[in-house]
1. Which condition from (1) touching a strand residue (DSSP E or B) at 6+ places or on another chain (Cβ under 9 Å); (2) within 13 Å of ligand 2 (Cβ to nearest atom); (3) open to solvent by less than 30 Å² (accessible area, probe 1.4 Å) is the one that Ser198 breaks?
2. Of all the residues that make up the stretch 195-233, how many are within 10 Å of ligand 1 (Cβ to nearest atom) and either touching a residue at least 24 places away in the same chain (Cβ under 8 Å) or in the same structural domain as His18 (by TED's automatic domain parsing) (or both)?
3. Based on what the data block shows, is Val226 closer than 30 Å to Glu290 by Cα, touching a strand residue (DSSP E or B) at 6+ places or on another chain (Cβ under 9 Å) and surrounded by 22 or more Cβ atoms within 10 Å (Cβ to Cβ)?
4. Can you report the number of residues in the stretch 145-194 which are within 13 Å of ligand 1 (Cβ to nearest atom) and either touching a Cys at 6+ places or on another chain (Cβ under 6 Å) or open to solvent by 10 Å² or more (accessible area, probe 1.4 Å) (or both)?
5. So is Val293 more than 23 Å from Phe11 (Cα to Cα) and within 13 Å of ligand 2 (Cβ to nearest atom) or not?
6. Which of (1) modelled with pLDDT of 95 or more; (2) within 16 Å of ligand 2 (Cβ to nearest atom) is the odd one out, the single condition Leu211 does not satisfy?
7. Scan the stretch 185-193 and give yes if some residue there is assigned to a helix (DSSP H, G or I) and either under 29 Å from the mean Cα position of the chain (by Cα) or in contact (Cβ under 8 Å) with a residue 60 or more places away in the chain (or both), otherwise no.
8. With the checklist (1) in contact (Cβ under 8 Å) with a residue 60 or more places away in the chain; (2) open to solvent by 40 Å² or more (accessible area, probe 1.4 Å) in hand, flag the one item Thr369 doesn't pass.
Amino acid sequence: MTRRIRVAVLFGGRSGEHEVSLQSAASILRALDRERFEPVPIGITKEGRWLLPADAARALEEGLASMEGRYLAFRPEPGARGGLIAVDGPDGGAAGGPGLVDVDVVFPVLHGTYGEDGTVQGLLELAGIPYVGSGVLASALAMDKAMQKDLFRQKGIPVPDYTLVRARELETDFEGVVRRLEEGFAYPMFVKPANLGSSVGITKAHDRAELAAGLRLAAQYDRRLVVEEAIDGREIECSVLGNEEPVASLPGEVVPGHEFYDYEAKYIDDSSRLIIPAELDAATTARIQELAVQSFLALDASGLARVDFFLERRTGRVLVNEVNTMPGFTRISMYPKLWEASGLPYTELLTQLIELAFERHRARAALRTDYRPNSGGC
Ligand SMILES: Nc1ncnc2c1ncn2[C@@H]1O[C@H](COP(=O)(O)OP(=O)(O)O)[C@@H](O)[C@H]1O
Ligand SMILES: [Mg+2]
């Protein structure tokens, strides 16, 4: 019998989406094909501590605040099978001596900051461990609403009209910023911190007072803010899977229970509905799938991404809102549900994602990093 592949499943993390991550990871751990894969659950507390939980099921169920287990340290150099080292205390003092935690691949089931933004991906690159999903650049770009929109605009991918505001400008000339925004956009407008998720810090501003309050709120979360025109549209999402030749699923629709898809509508009050697949004509479906793949490639994403759109009611225009490189992954989340509706069951999807992680790792490992003038061959 061949050895099973050891998959480190990272969950939790220093993020506003910590709890969502626990739900995604619980679903993934339940569904992973145990004939091929042996999961190694690894919890990351809200303080950023990595632990091999003594009782992973309990940690996932009850939260990581009181999680017990062996601490993990990272060896920032490529090893034979992963660079993770278990130690027994936070200071590295190990009763039984530090032990290498053998893993073949990492599935960072982390949403938002310090997980979906390229930071963990950088650590895994240094350690030379294959991992599921996008690399450093695509993760960071997808997390940054301003950089991402700059890139899409440059590639001709349609996005809502937007502008960048620096928190610093607000300190020096608040009135001037408000004037500039009112000249550029009609109310309502959306104000967002550039780097966050889960609708945290986002305001739909209907007048000057709400705009001012929205700017102050968003500036508490980031040095850079995005202000954009409000689109009166349906919210359509599309799942993308692959590396060099990504494919798009059938699109789905989110019908937010609130005025917009805010934090409560997403996670708290169950008011939002997912329609899978979305009711769209064939041409709109094709357009959305085409733009989903284009957006994925523009960011140089890998493995998976969920691309979110607005379908403007009045004009039928399709605009890209944002890309999520580690979308919600419970059994009832949009990303896997869209694949299920497109004929790819949850467990098989996980298997493909892990295979894509190895494929990307092999491709990167084969690249040259040195300068040797005579070894090029051709
Ligand atoms: N320009 C816009 N026009 C209309 N609705 C918007 C716009 N921007 C954001 N929204 C609403 O706010 C929600 C959250 O914004 P989004 O940019 O997707 O941030 P997050 O990364 O937090 O999900 C969207 O799902 C949508 O309901
Ligand atoms: Mg969103």
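The values are calculated or read from the model by the stated rules, or taken from the named source; none is laboratory data. Quick caveat, the model's predicted, so the values are computed rather than measured. For neighbour counting, all protein chains shown are included, and Cβ atoms are generated from backbone atoms with ideal geometry for every residue, glycine included. Heads up: the accessible areas ignore ligands, DNA and RNA and are worked out on the full protein's heavy atoms, side chains in. Shrake-Rupley method; radii C 1.70, N 1.55, O 1.52, S 1.80 Å.
1. (1)
2. 16
3. yes
4. 12
5. no
6. Of the numbered conditions (1) modelled with pLDDT of 95 or more; (2) within 16 Å of ligand 2 (Cβ to nearest atom), the odd one out for Leu211 is (2).
7. no
8. All conditions pass for Thr369, except number (1).
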